[in-house]
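In what follows, a single structure is set out as structure tokens and then discussed.
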Amino acid sequence: MPFPATRLRRLRRTGALRGLVRETRLDAGDLILPLFVTHGEDRRTPIAAMPGVERLTIEHAVEEAAQAAALKIPAVMLFGIPADKDPEGSGAWDDEGVVQLAIRAIKEQLPDLLVIPDLCLCEYTSHGHCGILKGDTVDNDATLPLLARTAVSHARAGADLIAPSDMMDGRVGAIRAGLDEEGFDDLPILAYSAKFASAFYGPFREAADSTPAQGDRRGYQMDPANGDEALREVLQDVEEGADLVMVKPALPYLDVIRRAKDATHLPLVAYNVSGEYAMVKAAAAAGYLDERATVLEALTSIRRAGADAVITYHAKDAARWLSEMD
Ligand code: PBG
């Protein structure tokens, strides 16, 4: 019914009416907080491009995880920064490695909090690529057993989800087989399925010390221009056994989130990455944007696009703001 019979403003008149017809809700229960865990003791090191985010030694990571849990955030994602790196990235599957120790420490204190270690070699390889090198290129098939081995190591340490972010072809299947062989057939895989070669990862690479020494990641991460190919990545991971799929980054790829959700009907996770965080923090610090309103709008938009859960460095702030609104 056209205007004037239909007046869409009728349902916007009061807060109560707007609340009644609101289609998307944001809840602390939908958020996942990433943490950077480093070796050593009793250190918190700020990350310049990510105000409010620090590299943490294990005891401080446990503190942060406890704060997240107290704010009703159900999960933390862990990135390890090891003391030593080598060409293979062997620190990734060290049962006494920094991430494995952090998983155990967090699960011991907070058994109900979900712990999701990021599964990739780039923080552990001396060259900074996400797999082992053959000449100048990353050797896909030779990397797969190393990823499976790392997944089993995460599982033994007590990880609740296995989250491969490397973008090798066939890794979800290889990891599923490796886990099942060791008796971890109950452990779900959250696949970074559509991960784009993005400039928005810049601040993360400073945080995780994982910038490739040579070249870039465009030989394995996706071209930002490709939406159909993103769906092929997602569907292939589903076929190989992914239980949840991820789109990353989030805000520049809301269309991909929607398409992946509609194509799979699987639980979908979106990663609101370091550069997305840095932009909001910088603009807010300059007085150009209202941080709270911007963050809540951005996270709601990611949910509206089709994400069930959002990995975000804003998680603690957002959870606090949401609890104040109740
Ligand atoms: C590691 C990994 C990266 C991010 C998450 N896992 C960096 C990369 O692929 O270069 C980026 C996260 C962020 O920017 O917040 N493979």
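The values are calculated or read from the model by the stated rules, or taken from the named source; none is laboratory data. Keep in mind the model is a prediction, meaning the values are calculated, not measured. Counting neighbours? That spans all protein chains shown, and the Cβs are built from the backbone with ideal geometry, glycine included. These area figures cover heavy atoms from the full protein model, side chains too; ligands, DNA and RNA do not enter into them. Shrake-Rupley method; radii C 1.70, N 1.55, O 1.52, S 1.80 Å.
Report, in deg cm²/dmol and to the nearest 500, the calculated mean residue ellipticity at 222 nm for the chain, where each DSSP H run with n ≥ 4 adds -39500 (n - 2.57) and the sum is divided by the residue count.
Taken over the chain, the calculation gives -12000 deg cm²/dmol.
I'd like the distance between the alpha-carbon centres of the range 231-254 and the range 71-125, rounded to an integer number of Å.
Here the answer is 22 Å between Cα centres.
Leaving out ligands, DNA and RNA, and with a 1.4 Å probe, what % of the accessible surface on the range 125-241 is carbon or sulfur?
C and S atoms contribute 46 percent here.
For the chain, modelled as a GNM with alpha-carbon contacts under 10 angstrom, which of A285, A68, A174 fluctuates the most?
With Cα springs under 10 Å in the chain, the top fluctuation among A285, A68, A174 is at A285.
How many percent of all Cα-Cα pairs in the range 1-152 sit more than 17 Å apart?
69 percent
Add +1 for every Lys or Arg and -1 for every Asp or Glu among the other residues with Cβ under 9 Å from the Cβ of L121, and state the total.
Value of the local net charge: -3.
Set Lys and Arg Cβ to +1 and Asp and Glu Cβ to -1, take the dipole of the chain about its Cα centre, and tell me which of V62, G40, P267 lies farthest positive.
P267
Counting Lys and Arg as +1 and Asp and Glu as -1, each charge on the Cβ, what is the dipole of the range 24-325 about the Cα centre in debye, to the nearest 20?
Charge dipole of the range 24-325: 860 debye, to the nearest 20.
Which of these, R259, R12, R104, has the largest mean-square fluctuation under a Gaussian network model of the chain (Cα springs below 10 Å)?
R12
Give me the lysines in straight-line cross-link reach of K134: C-alpha distance below 19 Å, same-chain residues under 8 apart excluded.
Once the sequence-local lysines are set aside, what remains near K134 is K85.
From the residues A207, A309, A282, which one has its Cα farthest along the dipole of the chain in the positive direction, the dipole being from +1 and -1 charges on Cβ of Lys/Arg and Asp/Glu about the Cα centre?
Value: A282.
If you project the alpha carbons of the range 24-325 onto the principal axes, what extent comes out on each, in Å, largest first?
Cα extents, longest axis first: 49, 46, 38 Å.
Out of L119, L78, L11, any idea which swings most in a Gaussian network model of the chain, alpha carbons joined below 10 Å?
Checking each option, the largest mean-square fluctuation is seen for L11.
Within 11 Å, Cβ to Cβ, of Y253, how many net charges do the neighbouring residues add up to if Lys/Arg are +1 and Asp/Glu are -1?
With Lys, Arg at +1 and Asp, Glu at -1, the neighbours total +2.
Among the listed pairs K72/K107; K107/K281; K107/K248; K261/K316; K248/K281; K107/K261, which are separated by more than 23 Å between their Cα atoms?
K107/K281; K107/K248; K261/K316; K107/K261
Taking the Cα centre of the range 135-258 as origin, sum charge times position over the Cβ atoms of Lys and Arg (+1) and Asp and Glu (-1), and report the length of that vector in debye to the nearest 20.
Here the size comes out at about 380 debye.
I'd like to check one number: the per residue accessible area of the chain, probe 1.4 Å, reported in Å² as a whole number.
I get 45 Å² per residue for the chain.
When the dipole is taken about the Cα centre of the range 204-326, and only Lys, Arg (+1) and Asp, Glu (-1) are charged at their Cβ, what size is it in debye, to the nearest 20?
Dipole about the Cα centre, nearest 20: 220 debye.
Using only Cα atoms and rounding to the nearest 10 degrees, what angle (0 to 90) does helix 291-305 make with the longest principal axis of the chain?
Here the helix axis deviates by roughly 80 degrees.
In nm, what is the difference between 0.36 nm times the number of residues separating R258 and R12 and their Cα-Cα distance?
Working it through step by step, the gained length comes to 86.0 nm.
If I fit a long axis through the Cα atoms of helix 228-240 and take the longest principal axis of the Cα atoms of the chain, what angle between them do I get, 0 to 90°, rounded to 10?
Its long axis makes an angle of about 60 degrees.
Once both axes come from the Cα atoms, what is the angle between helix 274-285 and the longest principal axis of the chain, in degrees from 0 to 90, rounded to 10?
50 degrees
Could you work out how far apart the two model spin labels at A199 and A225 are, taking each label as a point 7 Å from the Cα in the direction of the beta carbon, and quote it in nm?
Spacing of the two 7 Å Cα→Cβ label points: 1.5 nm.
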